[in-house]
Amino acid sequence: MVHGSGEWEDQTGCISIPIYQSATFKHKGLNQSTGYDYSRLQNPTREELEKTIAKLEGGKEGLAFSTGMAAIDCVARLLKPGEHIIISDDLYGGTYRLFEDVYKVYGIESTYVDTTDLEKITMELKDNTKAIYMETPSNPMMKVSDIGKISALAKEKGLITIVDNTFLTPYFQRPMDFGADIVVHSGTKFLGGHNDTLAGLLVASREDLIEKLRFTQVSIGATLSPFDSWLILRGIKTLAIRLEKQQENAKHIALWLKNCDAVEKVYYPGFKEHEGYEISLKQTSGFGSIISFTVKEKKAIGKVLEEVEIVTFAESLGGVESLITYPYLQTHASIPEEIRNRMGVTDKLLRLSVGIENVNDIIYDLSKSLN
Ligand SMILES: *Cc1c(COP(=O)(O)O)cnc(C)c1O
């Protein structure tokens, strides 16, 4: 993580890769190319990030996009009209919106399934099913799906398995080790890690998939800029220590919340009683630092969101700064109320992304409005 792909070097000996802020590249002669022609197609800084994420995820090649949604959009385009995809029912609201409100009209069918239940997935398979898309742990209910079992089922049926690995990153979870074909990331979150850059990343395990995905990436053009590629590379250098510290803080805070009178239920996969605990032990090396919890009284929501001082009331997650969000009206607002309620994304749910601040400061900050 600290040294990136390990493949890159230049004559100056610089430790940090330069930001190749060039839109285009000079040709020495007819039919000659340095390997770089135009930055939508290839750019050395972006390429280093693409190689780095591929190496970290254990995939063949990586691709970097301007946002996480652009990366997910690129994956969605693997499907043709008339084809069907199974998607985790508890999932980032933007991904739901993409499949429901953008791709449905183009004839791409999607079914939202509780992917923690293999039987439910099997029941929803159709002749035209092409792929299974899951988030694990899921956003925001922290449900854990068994990547190995789902990938095995998908292989048997000839389907592509796609995992959104934003919440744990390859530091804690490598879906390809368990058979996933494609891993997607919102690089905006833990990989960037500083709440200052938007980015999306994709890694595929197979050459045929990479070829299609890269073609779509450069044709559509939502590629990551050289500067933003550099920022994500810089973020990745400290991924390990940030995630360790964030997780350590999160474990304390999850316990504290569990014992807090105003709190009804805490969703954190690091609890032994969490439904996905055993699967987590099998497929991850950590539980991460996202905690969702419900409060007993709805009026506590506004109080917490307005009174926090160290924790910030803002969308997003994964950065060094602790953020708290209200999924019901923010990240998951585009999901119909009935589905939100069924999933547990109610008007009493808060999602906390724990940062690297002093843990006692965070707890004190929350305690002022929760106690
Ligand atoms: C934020 C997020 C996305 C979307 O990424 P952007 O960078 O905001 O486009 C997708 N999946 C998950 C799990 C996310 O948290």
* To do: Can you tell me which residue among 257, 243 is out of contact with any strand residue (DSSP E or B) (no Cβ under 6 Å at 6 or more places or on another chain) and of a type in the set (A, V, I, L, M, F, W, C)?
  => 243
* To do: Check 219, 205, 138 and return the single one that is within 30 Å of residue 322 (Cβ to Cβ) and polar (S, T, N, Q).
  => 138
* To do: Hey, could you check region 59-101 for residues that are acidic (Asp, Glu) and in a loop (DSSP other than H, G, I, E, B) and say which is nearest to the ligand (Cβ to nearest atom)?
  => 90
* To do: Can you give me the number of residues within region 88-135 that are of a type in the set (S, T, N, Q) and surrounded by fewer than 14 Cβ atoms within 10 Å (Cβ to Cβ)?
  => 2
* Structure fact -> When region 13-47 is checked residue by residue, the ones that are surrounded by fewer than 16 Cβ atoms within 10 Å (Cβ to Cβ) and not in a loop (DSSP other than H, G, I, E, B) are 24, 38
* Residue check, residue 282 against (1) buried (at least 20 other Cβ atoms within 10 Å of the Cβ); (2) touching a residue at least 60 places away in the same chain (Cβ under 8 Å); (3) under 24 Å from the mean Cα position of the chain (by Cα), all met but one. Which one? -> (1)
* Asked: Which one of these is at pLDDT 95 or above and touching a Lys or Arg at 6+ places or on another chain (Cβ under 7 Å): 304, 295?
  -> 295
* If you go through region 278-296 one residue at a time, how many are touching an Asp or Glu at 6+ places or on another chain (Cβ under 9 Å) and more than 16 Å from the ligand (Cβ to nearest atom)? -> 8
* To do: Return the only residue of 126, 189, 149, 155 being outside the structural domain of residue 332 (by TED's automatic domain parsing), at pLDDT 95 or above, in contact with a Leu (Cβ under 9 Å, 6 or more places away or on another chain) and more than 16 Å from the ligand (Cβ to nearest atom).
  => 149
* Structure fact -> Per the list (1) assigned by TED's automatic domain parsing to the domain that holds residue 182; (2) more than 20 Å from the chain's Cα centre (by Cα), residue check on residue 255 breaks on (1)
* **Within region 192-222, considering residues that are under 16 Å from the mean Cα position of the chain (by Cα) and within 12 Å of the ligand (Cβ to nearest atom), the one surrounded by the most Cβ atoms within 10 Å (Cβ to Cβ)** => 202
* Asked: Residues of region 330-353 being within 16 Å of residue 101 (Cα to Cα) and free of Cβ contacts under 8 Å to residues at least 60 places away in the same chain, which ones?
  -> 336, 337
* Asked: So how many residues does region 146-166 have that are part of a loop (DSSP other than H, G, I, E, B) and farther than 19 Å from residue 70 by Cβ?
  -> 3
* Structure fact -> Considering region 167-186, residues that are within 12 Å of the ligand (Cβ to nearest atom) and assigned to a strand (DSSP E or B), and then whichever is farthest from the chain's Cα centre (by Cα), we arrive at 183
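The values are calculated or read from the model by the stated rules, or taken from the named source; none is laboratory data. Fair warning: this is a prediction, and the values are worked out from it, not measured in the lab. Please note: Cβ atoms are built from the backbone with ideal geometry, for glycine as well, and neighbour counts cover all protein chains shown.
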